[in-house]
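The values are calculated or read from the model by the stated rules, or taken from the named source; none is laboratory data. Keep in mind it's a predicted model, so treat the numbers as computed, not measured. Glycine also receives a Cβ, built like all others from the backbone with ideal geometry; neighbour counts cover every protein chain displayed. What goes into the accessible areas is simple: the full protein's heavy atoms, side chains included, and nothing from ligands, DNA or RNA. Shrake-Rupley method; radii C 1.70, N 1.55, O 1.52, S 1.80 Å.
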Amino acid sequence: MDNIGQRIRELRRKHDLTQEKLADFLGVTYKSVSKWECGITVPDLALIVPLAKILHVSTDELLGMHTADHDTHREELEAAYKKTWETGDMEERYRIAREAVAAWPGEMQYLDWLAWITAMRSFSFTDDETYIAEQEKAIRQFACVIENTDNDRLRASSIQGIVQYLAIRGRYDEARKYAESYPENYPLSRDDVMLSCLRGEEKAILSQRMLDHMLTDILNQIGNASMDACIAQERILQTLLPDGNYLYYNCFLADNYLIRARIYTAEKEPDKAIDALHEARRYAAAYDSFLRENTEYSFTGPFLNKVTYNTADICRSGTTTQEEDFLQALNRPVFGPLRNRADFQALLA
């Protein structure tokens, strides 16, 4: 409440109030008002709101908290903090975060800043005592944010931080409890956060399950609209499943080779088109065999050998089999140039 006495004097005079009159309104002595204005004492907290009303100002203005200046300072700090992520200056980031927390106590955004930079700075200390103390400090700061914010984005950020550093400290059970409360997709998945606090077989299973999901997404993103895309899809599958036990991914390869056959037909390379159709049918038949019984299957390749499928859980998109869909596709006009070939007719049998 720096200079509050000077502001009381200026506002009192502006409204033609004497010290005695102001004192009467507030139920204090005029000597109290005089001491405020001389800077000897300050008003009791309980008098701030009545003072502001009598002097026709907001409490912020009475206390010297000029909103415009405050907002400008906030914007400057936030811009400077963002800049440190470009420069990599961790000490400057730490200074800014501490200044922001001091200027806006209770602002969880800034405490989350401070927790992260405190945790990251811990690795710069060479003595174990300081290294551990800084990480423990960051853990407490993250916990404070989690307990005191209703903003899902902030909670997610601090949960991610506390899980990571509790795991570093070997406190896996605590980390897991926080990971289980992570809001979905803010911006990571709960599995991403959980992965950092699991160990052994449990971690390996989750890691491979996540890889399996990512593999499906990657194949879909690449698509099969061109020959290059088809080749890329197959090479990825061959790399991750080098033993050729593709299970669910046989359906990708069946579609993949059907597209290749269409491309080869359009490019007037009928022999290559027929070869591609044979591959498409082979993969379609393998996929149907995989789905034929409600059975649990496991991949056998080294990267996904802990991932299992129960075919009863796989969604079907129609009542026909993959091989029936393949045979239906052969009736499309695009394959017209192949229709009179004996090897094409054999595929229809």
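Of all residues in the stretch 23-42, none satisfies being open to solvent by 90 Å² or more (accessible area, probe 1.4 Å) and at positive phi. Looking across the stretch 46-84 at every residue that is open to solvent by less than 40 Å² (accessible area, probe 1.4 Å) and small (Gly, Ala, Ser), the one that is modelled with the lowest pLDDT is identified as Gly64.
Residue under question is Leu211, and the condition is that it be open to solvent by 20 Å² or more (accessible area, probe 1.4 Å), under 19 Å from the mean Cα position of the chain (by Cα) and farther than 27 Å from Glu107 by Cβ; does it hold? Give the steps one after another, and end with the answer.
On the way: open to solvent by 20 Å² or more (accessible area, probe 1.4 Å): yes; under 19 Å from the mean Cα position of the chain (by Cα): yes; farther than 27 Å from Glu107 by Cβ: yes.
Spelling it out, Leu211 is indeed open to solvent by 20 Å² or more (accessible area, probe 1.4 Å), under 19 Å from the mean Cα position of the chain (by Cα) and farther than 27 Å from Glu107 by Cβ.
Residues in the stretch 193-206 that are surrounded by fewer than 16 Cβ atoms within 10 Å (Cβ to Cβ) and not basic (Lys, Arg): Gly200, Glu201, Glu202, Ala204, Ile205. Listed by position, the helices (runs of 4 or more DSSP H) enclosed by the stretch 1-84 that each have at least 3 residues that are closer than 30 Å to Leu114 by Cα are 59-62.
What number of residues within the stretch 165-200 are on the phi < 0 side of the Ramachandran plot, part of a helix (DSSP H, G or I) and without any contact (Cβ under 8 Å) to a residue 12 or more places away in the chain? Talk me through it step by step, then tell me what you get.
Step one: of the stretch 165-200, the residues on the phi < 0 side of the Ramachandran plot are 165-169, 171-184, 186-199.
Add one more test, that the residue is part of a helix (DSSP H, G or I), and what stays is 165-168, 172-180, 190-195.
Then keep just the ones that are without any contact (Cβ under 8 Å) to a residue 12 or more places away in the chain; that gives 173-174, 177, 190.
Counting residues in the stretch 165-200 that are on the phi < 0 side of the Ramachandran plot, part of a helix (DSSP H, G or I) and without any contact (Cβ under 8 Å) to a residue 12 or more places away in the chain gives 4.
Does Ile231 fit the bill of being open to solvent by 40 Å² or more (accessible area, probe 1.4 Å), more than 25 Å from Phe335 (Cβ to Cβ) and part of a helix (DSSP H, G or I)?
Numbers: open to solvent by 40 Å² or more (accessible area, probe 1.4 Å): yes; more than 25 Å from Phe335 (Cβ to Cβ): no; part of a helix (DSSP H, G or I): yes.
When the stated conditions are applied, Ile231 does not pass them.
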